[in-house]
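Peer 1: First, the structure itself, so that you have it in front of you.
The values are calculated or read from the model by the stated rules, or taken from the named source; none is laboratory data. Worth saying up front: this structure is predicted, and the values here are computed from it rather than measured. No Cβ is skipped: glycine too gets one built from the backbone with ideal geometry, and neighbour counts run over all protein chains shown. We work out accessible area using only protein heavy atoms, side chains counted, and drop any ligands, DNA or RNA first. Shrake-Rupley method; radii C 1.70, N 1.55, O 1.52, S 1.80 Å.
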Amino acid sequence: MEIYLDNSATTKPCKEAIDKMMFVLENVYGNPSSLHKVGFEAEKEITYARKTIAKLLGADTDEIIFTSGGTEANNTAVFGAALARQKTGSRIVTTAVEHSSVYESCQELSRRGFDVVFLEPQSGGNISEEQLSEAIDGNTVLVSVMMVNNETGVKLPVDKIAKIIKKNNAPALFHCDAVQAFGKIPVRPSKIGADLLTVSSHKIHGPKGVGALYIKKGTYIKPLLYGGEQQRKIRPGTEAVPLICGFGAAAENIGSMSENMEKIKELHNYAVETLTGIDGVEINSPGDCLPYILNISAVGVRSETMLHFLESREIYISSGSACAKGKKSHVLTSMGLDAARIDSALRISFSKNSQKSDIDILAQYLREGMDTLVHSK
Amino acid sequence: MKEIILAKVGETALKGLNRKVFEDMLIKNIRRKIHTLGRFEVVSSQSTIRITPLDDDIDMDDTAEAVGKVFGIVAYSRACIAPKELEEIKKCAAEYLADIFEENVSFKVESKRSDKKFPYGSPEISKQVGSFLADTFPNITVDVHNPDYTVTVEVRDYAAYIHASVVEGAGGLPVGSGGKAAILISGGIDSPVAAYMMAKRGVELTAIHFASPPYTSERAEEKVKTLLELVSEYSGRMNMYTVPFTKIQEEIQKSCPEELFTIIMRRLMMKISDRIAVQNGCQALITGESLGQVASQTIGALACTDEVADMPVFRPLIGMDKKEIIAIAHKINTFETSCLPFEDCCTVFTPRHPRTRPKLDFVRRAEAEVDWENMINEAIENVKVTKIGE
């Protein structure tokens, strides 16, 4: 039986999302912009999904723009905000641990003349308030910081940023990439003072290819795409009705976040307990991280070797950080881990469907791997 | 830190012998408004309603926002609960106010001691808490005349409450205390505002909408539902009655003089609404008319339409300018939806030159050319009911 513990990379779509998408594909084929009934039915379906997402975020429906996923939402936010405000300032403050869709967008803006500051994580893999306060100045037009880091589950101090922007008189918009946090902990843009916030469907048991960007009422950003009146012209183009509805259904099906969290905490603790019993296995995630993610090192065996060994036993996890293939992880380095530990880092990520028995089996084969695989020097 | 909400009732407290009825209604409305957020205890004492969350994971920002939309509450405060010990009160106050007192702000402390068994008097409580706060936060200064924050310490029956700001509530009277009335709603800017204003005076709402497919679209009806959902945030749930109006409008077009299209249409709407309203226990009709705004809203035209209604017609916007109406529409978040461009029953069949001073005799005579009774009955029989705000 396959054991899937790579839920931060993607999740398996839930039945409710699949059923909804099948229903919509078969029955609701209209273009939501068409004036006739067939079109109106499609519009009603996406409006319903929009309401669901808005409610989860504590936002109004007209603050939600559907995109083709987290990457597009992040690009729209970063380019859209920077280009809309380039006359007021030129500094962008972000971190070195952002998802590549924010990181590389900022690199591109740096090539186009923006003064981009990539804050390096300090001890514990986190960014400090002081660092933010020093970097955000009166010339800053955009601050983009993720809510939860995808490698380690570290929670960044996003609730302090709006305050710092205000205190330092920065004409900045605040964008938060909440892809890893959405559906797991309460994500409320209005509460943390975010102007822009990214969420994605396929991390919450919805389909791939759809995400959403929250844009606070009254916030103007420049669109990436042109040609149509859809979604207030911020994201024109005929909406991906089946995907959006699947996203909505998945969001509706999250259940109680606090109950899920209790369960995941228990799993997390069980995993820490079980896996540290194996010779050479070390825990990298700090204690106060999001328990859905557990970063460990199987010291002596390269990440990829262990990953493929486990794969041959039908156990699927990720190397330390799925998106930074080959590159040494900033986050792990900043945590003061030695090279041997970084080279052997593995990321286990849970979903609400994960079981204790999954961990038992993972532990069994991890131990076998440690015993049989050739250790690198 | 455990927070509660203290809500001050306004006029409700002045209602003499009926006060209990008003207060019970208000408590019921508060409970209904916040029950989806978790479990709460809602009790009234000393003209304050105390809203205490019973679950740990209740979001108090959401709760405060919801309480801010309940009519009958003039002001509310979010407060922290402290044990009735002076040292504890000081400690809790410092912890609770840490966020706002990081900055350079001025403050004063006011105390109310309704539990006279508490060993310190109000001035002593204020003095002690004030100096403790001033010692704890180096950035703050005392200003008894114009403080940025007035820290209030209330020592009551079971606990002490500390808060630093009072937020204006929705005002008005508890919905339900002012009877029940039906709002005629088309989907424009005015009628949702009129509905909101009457709900504010304690009126429970029912909505009546006229639909004329294919001249009006399903999207137009959906827009009205969305508007009513927004109004129901304040007014509570209601029924929406959608009246099929196509046949009547076509008949007006066919048989009546063009300059009277609008006035006759409105008379028929009023007649139908009056009957639906009676059937559903309403005591008045509400419209969003404002004097002189359009041809059908002159004194003469209003007199002509009122003549067919047996119950009073409330027009809360009658003396308001469009600008004032729009300001309220923004406040209750209906403006953007109202501006969506769909045809409604009032904009189809608009005459080129409507009569602004219609003569009642003349209108009556023109109307009498047709036997409307059957058509009215048919329309009422085919009314569709939609639940709003469930």
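Peer 1: Can you give me the distance in nm between label points at A:Glu26 and A:Asp137, each placed 7 Å from the Cα along the Cα-to-Cβ direction?
Peer 2: 6.2
Peer 1: Using a 1.4 Å probe and counting only protein heavy atoms, how much accessible surface gets buried when A and B come together, both sides summed, in Å² to the nearest 100?
Peer 2: Roughly 1100 Å² of accessible surface disappears when A and B pair.
Peer 1: Dividing the alpha-carbon radius of gyration of the range B:35-110 by 2.2 N^0.38 Å (N being the number of residues), what value is obtained? Display every interim value, and only then the final one.
Peer 2: Details: Rg = 14.6 Å, N = 76, 2.2 N^0.38 = 11.4 Å.
For the range B:35-110, the normalised Cα radius of gyration comes out at 1.28.
Peer 1: Could you give me the ³J(HN,Hα) list for the range B:278-288, computed from phi with Karplus coefficients 6.51, -1.76, 1.60 and θ = phi - 60°, whole Hz, x at Gly and Pro?
Peer 2: 4, 4, 10, x, 8, 10, 7, 10, 10, 10, x
Peer 1: Determine ³J(HN,Hα), in whole Hz, for all residues of the range A:56-67 in sequence, where each value follows from phi through the Karplus function 6.51 cos²θ - 1.76 cosθ + 1.60 and θ = phi - 60°; x replaces Gly and Pro.
Peer 2: Along the range A:56-67, the couplings run 4, 8, x, 10, 8, 4, 7, 9, 10, 10, 7, 10 Hz.
Peer 1: Let me ask you something else. Given a Förster distance of 56 angstrom, what is the FRET efficiency for A:Glu262 paired with A:Val38, based on the Cβ-Cβ distance and rounded to 0.05? Spell out each step's value before the answer.
Peer 2: Numbers: r = 45 Å, r/R0 = 0.80.
Approximately 0.80, to the nearest 0.05.
Peer 1: Based on DSSP, what percent of beta bridges with both residues in chain A are antiparallel, to the nearest 5?
Peer 2: Roughly 50 percent of the DSSP beta bridges within chain A come out antiparallel.
Peer 1: Please report, as a whole percent, how much of the solvent-accessible surface of the range A:328-377 comes from carbon and sulfur atoms (probe radius 1.4 Å).
Peer 2: Whole-percent figure for carbon plus sulfur exposure: 50.
Peer 1: Taking the solvent-accessible surface of protein heavy atoms with a 1.4 Å probe, what is the per residue accessible area of the protein assembly as shown in Å²?
Peer 2: Spelled out: the 1.4 Å probe surface of the protein assembly as shown, per residue, equals 45 Å².
Peer 1: Let me ask you something else. Would you pull out the residues with amide H under 5 Å of B:Lys180's amide H, same chain only if 5 or more places away, H placed 1.01 Å from N?
Peer 2: Result for B:Lys180 returns B:Glu204, B:Gln283.
Peer 1: Let me ask another. Per residue of the range A:359-364, what does 6.51 cos²θ - 1.76 cosθ + 1.60 with θ = phi - 60° give for ³J(HN,Hα)? Whole Hz please, x for Gly and Pro, Karplus curve as stated.
Peer 2: For the range A:359-364, the Karplus-derived couplings read 5, 4, 5, 4, 4, 4 Hz, x marking Gly and Pro.
Peer 1: Name the long-range amide H neighbours of B:Gly172: under 5 Å, sequence gap of 5 or more, or other chain; modelled H, no Pro or chain starts.
Peer 2: Result for B:Gly172 returns B:Gly72.
Peer 1: Heavy-atom accessible area of B:Met198 with all protein chains present, probe 1.4 Å, nearest 10 Å²?
Peer 2: Here the residue's solvent-accessible area equals roughly 30 Å².
Peer 1: Quick one: accessible surface of B:Arg365, probe radius 1.4 Å, all protein chains present, in square angstrom to the nearest 10.
Peer 2: Surface accessible to solvent at B:Arg365 totals approximately 150 Å².
Peer 1: Another one. Can you give the average number of partner chain beta-carbon atoms within 10 Å of each beta-carbon in peptide B:117-129, as a whole number? Before the final figure, lay out each step's value.
Peer 2: On the way: counts 0, 0, 0, 0, 0, 0, 0, 0, 0, 0, 0, 0, 0.
What the average comes to for B:117-129 is 0.
Peer 1: Next question, about the same structure. Given a 1.4 Å probe, show me the residues in the range A:166-206 buried by at least 40 Å² of accessible surface when comparing the whole protein assembly to the chain alone.
Peer 2: Going by heavy-atom accessible area, the residues of the range A:166-206 that drop by at least 40 Å² are A:Arg188, A:Lys191.
Peer 1: Still on this model: Residues of the range A:27-47 losing 50 Å² or more of accessible surface, assembly versus chain alone, probe 1.4 Å, please list them.
Peer 2: Buried by the other chains: A:Phe40.
Peer 1: On a 1.4 Å probe surface of the protein chains, which of B:Arg352, A:Arg232 comes out largest in accessible area, and what is the full order?
Peer 2: Output order, biggest surface exposure first: B:Arg352, A:Arg232.
Peer 1: To continue, here is another question. Considering the Cα positions of chain B, please state its Rg to one decimal place and its Dmax as a whole number of Å.
Peer 2: 26.5, 85
Peer 1: Moving on. Please check the range B:191-229 for residues whose accessible area, probe 1.4 Å, is lower by 30 Å² or more when all protein chains are in place than in their chain alone.
Peer 2: The answer is B:Glu218, B:Arg219, B:Glu222 - residues whose exposure falls by at least 30 Å² when every protein chain is included.
Peer 1: Considering amide H positions built from the backbone, and no H for Pro or chain starts, which residues 5 or more places from A:Leu290, or on another chain, come under 5 Å of its amide H?
Peer 2: Placed amide hydrogens put A:Val154, A:Lys155 under 5 Å from A:Leu290.
Peer 1: Accessible area of B:Phe342, 1.4 Å probe, to the nearest 10 Å²?
Peer 2: 60
Peer 1: Over the protein assembly as shown, what is the percentage of antiparallel beta bridges among all DSSP beta bridges, to the nearest 5? Show your work: numbers first, answer last.
Peer 2: Working: 52 of 97 bridges.
Bridges in the protein assembly as shown that DSSP calls antiparallel: roughly 55 percent.
Peer 1: Less than 12 Å Cβ to Cβ from A:Ser133, Lys/Arg counted +1 and Asp/Glu -1: what total charge do the surrounding residues give?
Peer 2: That works out to 0.
Peer 1: If DNA, RNA and ligands are ignored and the probe is 1.4 Å, what is the ranking of A:Leu56, B:Leu17 by accessible area, most exposed first?
Peer 2: My answer, sorted largest first, is B:Leu17, A:Leu56.
Peer 1: While we're looking at this one, here's another question. Starting from the range B:44-97, pick out the GluC sites (Glu not before Pro) whose DSSP state is loop and whose Cβ has at most 13 other Cβ atoms within 10 Å.
Peer 2: Details: sites: B:Glu65, B:Glu85, B:Glu87, B:Glu88, B:Glu95; in loops: B:Glu85.
Sparse-neighbourhood loop GluC sites (Glu not before Pro): B:Glu85.
Peer 1: Can you give the calculated 222 nm mean residue ellipticity of chain B, where each DSSP H run of n ≥ 4 adds -39,500 (n - 2.57) and the sum is split over every residue, rounded to the nearest 500 deg cm²/dmol?
Peer 2: So the calculated ellipticity at 222 nm is -11500 deg cm²/dmol.
Peer 1: Something else now. Order B:Lys69, B:Lys387 by their accessible area, 1.4 angstrom probe, all chains in place, largest first.
Peer 2: B:Lys387, B:Lys69
Peer 1: On to the next question. I'd like the orientation of helix A:241-252 relative to chain A: the angle between its Cα long axis and the longest Cα principal axis, in ° from 0 to 90, rounded to 10.
Peer 2: 60
Peer 1: For the protein assembly as shown, with the dipole built from +1 on Lys and Arg beta-carbon atoms and -1 on Asp and Glu ones, taken about the Cα centre, which of B:Ala207, A:Asn353, A:Tyr270 lies farthest toward the positive end?
Peer 2: Final value for the positive-end residue is B:Ala207.
Peer 1: For the range B:126-173 and the range B:196-238, compute the distance between their C-alpha centroids and round to whole Å.
Peer 2: Distance between centres, Cα-based: 41 Å.
Peer 1: Tell me the carbon and sulfur percent of the accessible area for the range B:243-390, rounded to whole percent, probe radius 1.4 Å.
Peer 2: That share works out to 52 percent.
Peer 1: For the range B:292-332, what class follows from the C-alpha gyration tensor (a ≥ b ≥ c being the square roots of its eigenvalues): rounded when a/c is under 1.5, otherwise prolate if a/b is larger than b/c, else oblate?
Peer 2: Values: a/c = 3.72, a/b = 1.81, b/c = 2.06.
The shape class here is oblate.
Peer 1: How much of the accessible area of the range B:1-134, in percent, comes from carbon and sulfur atoms when a 1.4 Å probe is used?
Peer 2: Heavy-atom surface of the range B:1-134 belonging to carbon and sulfur, 1.4 Å probe: 51 percent.
Peer 1: Please report the net charge: other residues with Cβ closer than 15 Å to the Cβ of B:Ala64, K and R +1, D and E -1.
Peer 2: Numbers: positive: A:Arg188, A:Lys191, B:Lys2, B:Lys8, B:Lys33, B:Arg50, B:Lys69, B:Arg78; negative: B:Glu3, B:Asp59, B:Asp61, B:Asp62, B:Glu65, B:Glu168, B:Glu233.
Once all neighbours under 15 Å are counted, the net charge is +1.
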